Amino acid sequence: MKFKRLNAIVTGGASGLGLAVTQRIIAAGGTVTMLDLDSEHCADELTLFGEHAHFIATDVISEPAVDAALKQAHALMGEIQLVVNCAGIAPSQRVLARDGLISNTEFQRVIDINLNGSFNVCRAAVNLMQHNTPAGKDGERGVLINTASIAAFEGQIGQAAYAASKGGIASMTLPLAREFARLGVRVMSIAPGIFETPMFDQLPQEARAALAANTPYPKRLGHPDEFAALVQHIVENPMLNGSTIRLDGALRMGQK
């Protein structure tokens with residue numbers, strides 16, 4: 001599938017990895033509808049992107065809200081060829097904390113936003129993509145890209161909920177790809193390592209330097225545009241389907 005002039009949905013598209021994806025799609029002549037709850041940041045980005053971007057306030061946990069948002073995005077843009085799920089949270093909380101046990105409610109919230117939210121968007125998107133006009137010699141109708149994490153494979157202490165949610169994203173990639181193959185819709189996941197995103201803005205410089213030093217090469221945090229570049233390559237390479245790609249500079253969490 002060609003990356004130019006795509007119509008795309010990007011969840012969490014107003015900051016971090018999602019914003020980098022949004023910027024790259026628009027730079028290639030595409031149009032993006034951002035699904036997010038951060039209306040303030042989205043308003044700032046809409047001013048910069050003009051007619052090439054739309055914003056629909058959406059709680060990805062809510063199946064009816066996601067269904068309605070995708071239908072609205074389809075009405076605004078026409079056929080949707082690409083969905084990139086970047087919305088998510090990354091809390092760190094031990095099961096046996098000093099102030100007591102983690103509650104099931106807190107665990108479930110992470111699963112709901114990261115895993116169920118991504119599934120809700122994929123579900124609504126493929127329902128629309130199946131009616132797209134087939135493109136190219138392979139008759140491709142769309143691409144779904146979810147954001148996992150290297151924590152899916154090497155979760156750390158305090159990441160039980162987060163690792164479970166991202167592991168679920170990695171695990172559902174292949175069965176979704178197999179199911180949607182007959183429609184000409186591909187499914188991929190990206191498992192980033194440690195990237196320069198807003199969640200790291202509050203870390204002291206010493207902590208940031210320590211994280212960067214633990215990455216074999218390059219010894220730095222990842223840049224959001226490197227994530228967006230991989231999104232573009234996945235779109236353009238039709239043989240990428242049903243897999244999770246690590247994007248981590250060879251980092252293995254917990255290594256000495």
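The values are calculated or read from the model by the stated rules, or taken from the named source; none is laboratory data. Remember, predicted model here, so these are calculated numbers, not experimental data. Here the Cβ is made from the backbone with ideal geometry for all residues, glycine too, and neighbour counts use every protein chain on show.
For the reader, a short list of remarks on this structure follows.
- When ARG220 is tested against (1) within 30 Å of SER103 (Cα to Cα); (2) touching a helix residue (DSSP H, G or I) at 6+ places or on another chain (Cβ under 6 Å); (3) not hydrophobic (A, V, I, L, M, F, W, C), only condition (1) is not met.
- Helices (runs of 4 or more DSSP H) wholly inside the stretch 86-171 containing at least 1 residues that are within 22 Å of PHE3 (Cα to Cα): 117-129
- Residues in the stretch 17-72 that are among the β-branched types (Val, Ile, Thr) and either in contact with a His (Cβ under 6 Å, 6 or more places away or on another chain) or under 22 Å from ALA229 (Cα atoms) (or both): VAL21, THR22, ILE25, ILE26, THR31, VAL32, THR33.
- Test: residue in the stretch 208-217 that is part of a loop (DSSP other than H, G, I, E, B), among the aromatic types (Phe, Trp, Tyr) and over 29 Å from LYS4 (Cβ atoms): yes
- Answer from ILE56, ILE80 - the residue that is assigned to a loop (DSSP other than H, G, I, E, B) and surrounded by 17 or more Cβ atoms within 10 Å (Cβ to Cβ): ILE80
- Failed criterion for ALA8 (all others in (1) farther than 20 Å from LEU128 by Cα; (2) modelled with pLDDT of 95 or more; (3) out of contact with any His (no Cβ under 9 Å at 6 or more places or on another chain) hold): (1)
- Picking from residues in the stretch 151-169 that are crowded, with 20+ Cβ neighbours inside 10 Å and hydrophobic (A, V, I, L, M, F, W, C), the one that is farthest from LEU247 (Cα to Cα) is ALA161.
- Taken over the stretch 111-168, the criterion of being within 22 Å of ALA250 (Cβ to Cβ), among the small types (Gly, Ala, Ser) and touching a residue at least 24 places away in the same chain (Cβ under 8 Å) is satisfied by ALA148, SER149, ALA151, ALA152, GLY155.
- Those residues of the stretch 11-38 which are assigned to a loop (DSSP other than H, G, I, E, B), crowded, with 24+ Cβ neighbours inside 10 Å and modelled with pLDDT of 95 or more, in sequence order: none
- Of all residues in the stretch 59-68, exactly one satisfies the criterion of being crowded, with 23+ Cβ neighbours inside 10 Å and assigned to a helix (DSSP H, G or I), namely VAL66.
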